[in-house]
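Report on the structure given below.
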Amino acid sequence: MLETRGLFFAVGHIPATKFLHGSGLGLDTDGYVITLNSQTTTNLPGIFACGDVADRIYRQAITAAGTGCMAALDAERYLEGAT
C-alpha cells in the first residue's frame with residue numbers, strides 16, 4: 001500500500017498509430033504523427049492530426065479536445081479551399 005494525498009494515473013501513453021505505418025503519413029520513431037509548424041497539418045494534404053497521436057508532451061484529454069477543435073477548423077478551411 002502506498003500512502004499518498006493524490007494520484008495522477010496516466011493510461012495509453014503509446015500512440016495507437018500502427019495502422020498508419022506504410023500509409024505515407026509522417027511518423028516519428030515512437031509512432032507519433034509528425035505535425036508541421038506545431039499545428040495539426042501533416043505531410044499529406046487534407047490529413048490533420050491531433051490529440052494523443054500527435055502530442056508527445058502533454059498527452060491529456062483536455063489538450064486532445066483542444067487540438068481536436070484545431071484539426072476540425074483546419075479541415076474545414078482545407079475543404080473550403082478545395083471546392
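If the condition is being at pLDDT below 90 and of a type in the set (D, E, K, R), then segment 24-83 contributes 52, 55, 56, 59.
Residues are listed down the side, and each one gets a yes or a no for (1) part of a loop (DSSP other than H, G, I, E, B); (2) over 10 Å from the mean Cα position of the chain (by Cα):
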| residue | (1), (2) |
| --- | --- |
| 4 | yes, yes |
| 24 | yes, yes |
| 46 | yes, yes |
| 56 | yes, no |
| 67 | no, no |
| 78 | no, yes |
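The values are calculated or read from the model by the stated rules, or taken from the named source; none is laboratory data. Predicted model, so just to flag it, every value in this text is computed and none were measured.
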